[in-house]
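One structure is given below, encoded as structure tokens.
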Amino acid sequence: DAKTTQPPSMDCAEGRAANLPCNHSTISGNEYVYWYRQIHSQGPQYIIHGLKNNETNEMASLIITEDRKSSTLILPHATLRDTAVYYCIVSATAAGNKLTFGGGTRVLVKP
Amino acid sequence: DAGVTQSPTHLIKTRGQHVTLRCSPISGHKSVSWYQQVLGQGPQFIFQYYEKEERGRGNFPDRFSARQFPNYSSELNVNALLLGDSALYLCASSASGGGHLRGQYFGPGTRLTVT
């Protein structure tokens, strides 16, 4: 699986959009970009995934650059409950359900 | 519907002992994966089982083993426990063996402490 690079931490203000960057410059054509988050003392929670196109669901938006070497997770209106570690993962279909987690970005939403 | 459940919640064992952790997937899910999360790090993949067959194995010693039962529940076994096995053990389930649907659903984990 391709390696991802994320900033170790970031703060954002409650009610504002949070933009979380991820670099995956060695991504292969068959690898998807996944985002998960882990709130303290809980198991990771799936947020969103995409291959080439931008994606949006009830939780977040995923913007993937045209060359697919980086992506941004957008939380449109951050709340205190969004405080968590956010993981960007790339995974190929051939890898089955194996997810390779890195260190993630620790996001602190402040009032 | 109930989510992924794991038991026990917490466990304390002594070095050299054996431990069995249990996981029940979401109803209808046939794939179960196990992860180890050491404090301060991201989860590390241990095993995936789909339809009772091993589909993937991470870089863990043979002291770690797992199996999946006909009802798709799963057990993770660790023999000859070491202090370094102290971690949060996470179970994740998904409907298919190759997870490009709505991702995987994780349980709350079992906190194992080895003394």
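The values are calculated or read from the model by the stated rules, or taken from the named source; none is laboratory data. Every value quoted in this text rests on a predicted model; they were computed, and no experiment measured them. Here the Cβ is made from the backbone with ideal geometry for all residues, glycine too, and neighbour counts use every protein chain on show. Side chains are part of the model used for accessible areas, which takes the heavy atoms of the whole protein and leaves out ligands, DNA and RNA. Shrake-Rupley method; radii C 1.70, N 1.55, O 1.52, S 1.80 Å.
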Kirkwood Rh, Cα atoms: Rg over Rh of the stretch B:1-53
1.00
Over the protein assembly as shown, one equal point on each Cα, no solvent: what is log10 I(q)/I(0) by the Debye formula at q = 0.07, 0.11, 0.12, 0.13 Å⁻¹?
-0.22, -0.54, -0.65, -0.76
Cross-link partners among aspartates and glutamates for A:Lys110, C-alpha distance below 17 Å, same-chain residues fewer than 8 apart left out?
A:Asp11, A:Glu14, A:Asp82
Indicate the residues belonging to the stretch B:13-49 that lose 20 Å² or more of solvent-accessible heavy-atom surface (probe 1.4 Å) upon moving from the chain alone to the assembly of all protein chains, ignoring ligands and nucleic acids.
B:Tyr35, B:Gln37, B:Gly42, B:Pro43, B:Phe45, B:Gln48
Two decimals is fine: what's Rg over Rh for the stretch A:23-111, C-alpha atoms, Kirkwood radius as Rh?
0.96
Accessible area (Å², 1.4 Å probe, nearest 10) - A:His77:
130 Å²
Leaving out ligands, DNA and RNA but keeping every protein chain, what accessible area does A:Glu58 have, in Å² rounded to the nearest 10, with a 1.4 Å probe?
140 Å²
The stretch B:21-115 -> Rg/Rh from Cα coords, Kirkwood Rh, value 0.95
Across A:Leu73, A:Leu99, A:Leu62, the residue with the highest GNM fluctuation in chain A (Cα network, 10 Å cutoff) is A:Leu99
Under the rule of at least 5 residues apart or a separate chain, name every residue whose amide H is placed under 5 Å from the amide H of A:Arg106.
A:Ser9, A:Met10, A:Tyr86
With r defined as the distance between the Cβ atoms of A:Thr72 and B:Gln17 and R0 fixed at 35 Å, what FRET efficiency is calculated, to the nearest 0.05?
0.15
Using a 1.4 Å probe on the protein chains only, how many percent of the accessible area of chain A belongs to carbon and sulfur?
49 percent
Among B:24-32, B:81-89, the order from most to least packed when residues are scored by Cβ within 10 Å on average
B:24-32, B:81-89
What aspartates and glutamates does A:Lys3 reach when the alpha-carbon gap must be under 14 Å and sequence neighbours fewer than 8 apart in one chain are set aside?
A:Glu31
GNM flexibility winner over chain B from B:Gly16, B:Gly40, B:Gly56 (Cα, springs under 10 Å):
B:Gly40
